[in-house]
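Only one structure is covered here, and it is reproduced in the block below.
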Amino acid sequence: MTKPIIALLYDFDKTLCTTDMEDYAFIPALGYTPAQFWSKANTFGRENRMDGLLAYMYTMMAECRAQGRVLKRDFLVQCGRSMELFPGVREWFGRINAFGESLGVEVEHYVLSSGLKEIIEGSGIAHEFKQIYACEFYYDESGAACWPKLDVNFTNKTQFVYRINKGVLDVADDKTLNDSMPDDSKRVPFTNMIYVGDGLSDVPCMKMMRAYGGQAIAVYQSGNRAGVEDLLAKGRVDFMFPADYREGTGLDVTVRNIIRKMAISDALTAENVRQLQAIGHGEVPGQAGLFE
């Protein structure tokens, strides 16, 4: 029998790492401070009425070109190696996976980020994710970044939640994504999803979780605690915790409790189906028990 799947969906910047991922190495390599670079990118976007993420990706290419640099994948991946992850992040995935296994469920991890996939690939934890949905460049024959391949902005993040729900993970496959599919055949029910983010950019996904029976968690550092408290007070998230992923923290204990609740719900549903099938075959339903 196939194990139920529970999916944890994460933003990345300020959720798994301490600041915008471009700030660690890419921006300093161009000789800018983060404030200078983001001001330049945001001003360019406003002046041209441009999606903010496309504006920053264009600015990355334009600034490299102006300095005689070629923006290549390997350089961006290398920039990811300077990333500072929150305490416990590197050990988090294995521990949570093992906990799910002990309850008879499979835990999967996904990234939904407005940062760069290439930088995430250099973070040392990219292998932990079943899929990384993040902004990404297309590279020409010489290996130079020349066009945005994927733009994951605040609102279109929700399409990737649907992809995970249906198991249609290929971003080029829109037909299957839009095909009608019975709820009981969807790979990961919304009720088996947990979204972890840090602020307003995550609200559309958090709202989906709360509307469809999943769970939404906001993590914070001291600098954004007030904003996260506002999300909780306004009912936009279910829980808030410091961004500390070590064993025994409030975040760790609560996520394990949510997984336990989801596993019990799945087991009860499976037992109900089993008993109905038994009746349909003229059998007397027995007692299977949870997690047997």
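The values are calculated or read from the model by the stated rules, or taken from the named source; none is laboratory data. None of the values given here were measured: they were computed from a predicted structure. All Cβ positions, glycine included, derive from the backbone under ideal geometry; neighbour counts span all protein chains shown.
A few comments on the model shown:
- Scan region 217-254 for residues that are over 19 Å from the mean Cα position of the chain (by Cα) and among the β-branched types (Val, Ile, Thr) and the total you get is 2.
- One residue from 240, 262, 181 being touching a residue at least 40 places away in the same chain (Cβ under 8 Å) and of a type in the set (A, V, I, L, M, F, W, C): 262
- Sub-6 Å Cβ pairs linking a first residue in region 129-151 that is within 10 Å of residue 113 (Cα to Cα) to a second residue that is in a loop (DSSP other than H, G, I, E, B), at least 6 apart or interchain, are 133/152; 134/152; 135/151; 135/152, ordered by first then second residue.
- Top-ranked residue in region 63-103 [being among the polar types (S, T, N, Q), part of a helix (DSSP H, G or I) and free of Cβ contacts under 8 Å to residues at least 40 places away in the same chain; ranked as surrounded by the fewest Cβ atoms within 10 Å (Cβ to Cβ)]: 102
- Flag for residue 244 being farther than 25 Å from residue 152 by Cβ and either assigned to a helix (DSSP H, G or I) or in contact with a Cys (Cβ under 8 Å, 6 or more places away or on another chain) (or both): no
- Members of region 115-159 found to be surrounded by fewer than 22 Cβ atoms within 10 Å (Cβ to Cβ), over 23 Å from residue 27 (Cα atoms) and of a type outside the set (S, T, N, Q), listed by number: 127, 128, 129, 130, 141
- Contacts under 7 angstrom Cβ, first residue in region 104-125 being under 12 Å from residue 10 (Cβ atoms) and outside any strand (DSSP E or B), partner at pLDDT 95 or above and among the polar types (S, T, N, Q), 6 or more apart: 120/113
- When restricted to residues that are more than 30 Å from residue 215 (Cα to Cα) and either touching a strand residue (DSSP E or B) at 6+ places or on another chain (Cβ under 7 Å) or β-branched (Val, Ile, Thr) (or both), region 8-43 contains 3.
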